1. Students sometimes get this wrong: rank PHE29, PHE12 by accessible area, probe 1.4 Å, all chains present, largest first.
2. Express in Å², to the nearest 10, the accessible area of ILE65 obtained by rolling a 1.4 Å probe over the protein heavy atoms while all chains stay in place.
3. Can you sort HIS63, HIS25 by solvent-accessible area, 1.4 Å probe, largest first?
4. So for the pair ASP62, SER34, with labels modelled 7 Å out along Cα→Cβ, what separation do we get in nm?
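The values are calculated or read from the model by the stated rules, or taken from the named source; none is laboratory data. Note that the structure is a prediction, hence the values are computed from the model and not measured. Note that we place each Cβ from the backbone using ideal geometry, even for glycine, and neighbour counts take in every protein chain shown. Heavy atoms of the whole protein, side chains included, go into the accessibility calculation; ligands, DNA and RNA do not. Shrake-Rupley method; radii C 1.70, N 1.55, O 1.52, S 1.80 Å.
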Amino acid sequence: MWGRQRLAPDLFLEAARRLGANPAHALVFEDAVSGVKAGIAAGMRVCGITTSEPAAVTSGTDHAITPTPPTTKAAAASQVTGGVDGRTPSGSA
């Protein structure tokens with residue numbers, strides 16, 4: 001589709017163009033080194049998510065996120081949904 005490697009800067013630049021966004025004002029969230037490099041090459045701010053390659057993925061990024069794995073299914077659901085009506089999901093207390 002793009003005629004280049006999977007995460008070349010073109011992908012991010014095209015997404016910004018389609019959204020009518022200035023690439024310098026865009027923020028890329030990436031968990032792959034190639035995606036981080038592509039976002040930086042596109043002139044965008046990059047937040048590295050350390051799920052796959054912790055040290056390598058944050059090199060050169062503006063921000064980094066290191067997810068903490070939930071200990072139970074209920075805790076995982078709470079992280080995603082915030083609980084039901086702001087209450088703690090049953091079984092997670």
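1. Details: PHE29 115, PHE12 30 Å².
Correct descending sequence by accessible area is PHE29, PHE12.
2. 70
3. Working: HIS63 90, HIS25 155 Å².
From most accessible down to least: HIS25, HIS63.
4. Taking the two extended label points, one gets 2.4 nm.
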